[in-house]
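Quick notes on the structure that follows.
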């Protein structure tokens with residue numbers, strides 16, 4: 001029996017309207033759809049997006065990944081899930097692993113694909129990109145992320161306020177996206193303001209609970225939100241050709 005096809009699919013940040021046509025087409029064709037189980041909610045963001053897509057008939061399975069600081073433990077869990085998915089593929093069924101955002105950007109999908117290919121080097125597979133959250137937040141601002149020679153820095157982990165690492169990032173001629181900075185966001189905002197930087201906070205982008213603001217008081221009133229980020233620019237950097245907001 002021939003192997004089924006494996007698809008790694010990005011669902012975008014949360015709005016089902018941002019799922020690509022190719023992603024929707026494949027999701028309607030596969031027999032099994034895998035998604036990461038939510039650590040915070042009874043229904044994962046991926047699950048909520050899938051619920052909103054018409055025509056899906058696949059069996060859906062949630063996979064529990066560990067957030068352990070022990071990298072070997074995390075890889076061992078990924079290997080377990082790869083074995084489970086491979087058994088389905090070896091039965092001739094097509095399967096998809098879905099993730100919010102893009103499957104090749106800070107995603108478990110890359111690890112999972114490598115684990116599958118170690119076991120089946122000839123496994124037929126396709127990766128379908130997805131819209132990332134910081135592009136979506138910039139679109140909601142109607143202000144370009146970067147222009148001309150400005151660099152874009154995407155920082156995947158919390159940066160300590162006042163740290164040498166933060167100094168290094170802010171010294172560059174760049175727009176900086178700080179992900180998962182919810183634990184230190186108020187202190188970060190204070191220091192960024194003192195140093196002449198403008199920051200926009202976004203949380204739950206594309207979801208019903210979406211929140212976008214550059215008001216430090218409004219941001220401070222929010223609970224800690226895992227799916228959140230700051231887009232940081234030098235104050236005035238995006239004002240050379242302003243876009244009027246409705």
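Helix 108-119 and the longest principal axis of the C-alpha atoms of the chain enclose an angle of approximately 30°. For the chain, the longest principal axis of the Cα atoms and the long axis of helix 185-194 meet at an angle of about 40 degrees. For the chain, the longest principal axis of the Cα atoms and the long axis of helix 71-90 meet at an angle of about 40 degrees. Between residue 57 and residue 190, the C-beta separation translates, for a Förster distance of 45 Å, into a calculated FRET efficiency of about 0.30.
Taken over the chain, the alpha-carbon convex hull comes to 150 cubic angstrom per residue.
Between residue 84 and residue 28, the contour length at 0.36 nm per residue exceeds the Cα-Cα span by 18.0 nm. Quotient of the Cα radius of gyration of the stretch 1-102 and 2.2 N^0.38 Å, N being its number of residues: 1.08. Each listed q (0.16, 0.23 Å⁻¹) maps to a log10 I(q)/I(0) for the stretch 133-234, found by the Debye formula over equal Cα scatterers with no solvent: -0.63, -1.37. Using the Cβ-Cβ distance between residue 149 and residue 66 with R0 set to 45 Å, the FRET efficiency works out to roughly 0.60.
Short to long, the 10 Å bins of the Cα pair-distance histogram for the stretch 67-139 hold 17, 45, 28, 9, 0 percent of all pairs.
Here, each number is a calculation from the coordinates, and none is a lab measurement. Everything numeric here is computed off the predicted structure, so don't read it as measured data. Heads up, the Cβs are rebuilt from the backbone with ideal geometry, glycines too, and the neighbour counts pull from every protein chain shown.
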